[in-house]
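The values are calculated or read from the model by the stated rules, or taken from the named source; none is laboratory data. What you are looking at is a predicted structure, and each value in this text was computed from that prediction instead of being measured. Here the Cβ positions follow ideal geometry from the backbone for every residue, glycine too, while neighbour counts run over all protein chains shown.
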Amino acid sequence: MATIPTLATILREHPGEPLVLLVRSRPVGDQLLARLAQEGLSWANVRVATPLDLALDLAVPFLAARGLVPASGAQTLFLVDRLLRAGLGGAWLLGNGSPNRPAPSDGLVAAVHRSLMELRQHGLEAASLDPHAFTPPAKGEALREFHADYETTLDSLGLVDRAGLHRLAIERLRERPAERRGTRYLVPVET
């Protein structure tokens, strides 16, 4: 892996400088640091972080000042389940819409949650969804309505999901780009 020699060179050239190793997961970062340690390099100045870690660093002070709390993935999944069980999402998501319909399956809840998180991670809010961009448009309308209910419920509970955290972090960086000077961010390239 070409990443290790590159990281080793950076550590040798910048001893003691604060470094953040940005990785997709902590175990990946820990493995990279273990490989560097095997080569006898000091990595005491290296902090392993994921994009979510960085977003939390930037967004938590903003959230605390407004009384908001970061929602975990389990909380957002539970919220989607609760909204579906309440009948939100319309007949398209829930089947025929009859009052005797069965409770949403775990698979449906997971699929709706995954779809909603993808839309939100790509910056799409409920108001910006065009039902006609979906096939059939009824699916798009159901997703837009469900998305709006999800956003409203998050707000009413004082929660911010991962997509919201990432948006807040980006806003904070745009407002104060100089705050992060002095730290070098390393992003390993996976081959």
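General observations
- For His122, the test of being crowded, with 18+ Cβ neighbours inside 10 Å and free of Cβ contacts under 8 Å to residues at least 60 places away in the same chain is failed.
- Selection status of Gly16, surrounded by fewer than 15 Cβ atoms within 10 Å (Cβ to Cβ), on the phi > 0 side of the Ramachandran plot and over 20 Å from the mean Cα position of the chain (by Cα): yes
- Scan of the range 147-172 for residues that are farther than 21 Å from Ala111 by Cα and either at pLDDT 90 or above or surrounded by 15 or more Cβ atoms within 10 Å (Cβ to Cβ) (or both), ordered by number: Asp155, Ser156, Leu157, Gly158, Leu159, Leu165, His166, Arg167, Leu168, Ala169, Arg172
Every residue, every condition in (1) in a helix (DSSP H, G or I); (2) of a type outside the set (Gly, Ala, Ser); (3) within 29 Å of Ile10 (Cβ to Cβ); (4) modelled with pLDDT of 95 or more, yes or no:
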position: Asp30; (1), (2), (3), (4): yes, yes, yes, no
position: Leu63; (1), (2), (3), (4): yes, yes, no, no
position: Asn96; (1), (2), (3), (4): no, yes, no, no
position: Leu119; (1), (2), (3), (4): yes, yes, no, no
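- Residue that is modelled with the lowest pLDDT, among those in the range 32-53 that are aliphatic (A, V, I, L, M) and in contact with a Lys or Arg (Cβ under 9 Å, 6 or more places away or on another chain): Leu41
- Number of the condition not met by Ala111 [criteria: (1) over 16 Å from the mean Cα position of the chain (by Cα); (2) aliphatic (A, V, I, L, M); (3) modelled with pLDDT under 90]: (3)
- Meets criteria (closer than 26 Å to Arg167 by Cα, assigned to a helix (DSSP H, G or I), under 17 Å from the mean Cα position of the chain (by Cα) and not assigned by TED's automatic domain parsing to the domain that holds His14) for Val80: yes
- Filter result (assigned to a helix (DSSP H, G or I) and surrounded by fewer than 16 Cβ atoms within 10 Å (Cβ to Cβ)) within the range 126-138: Ala127, Ser128, Pro131, His132, Ala133, Pro137, Ala138
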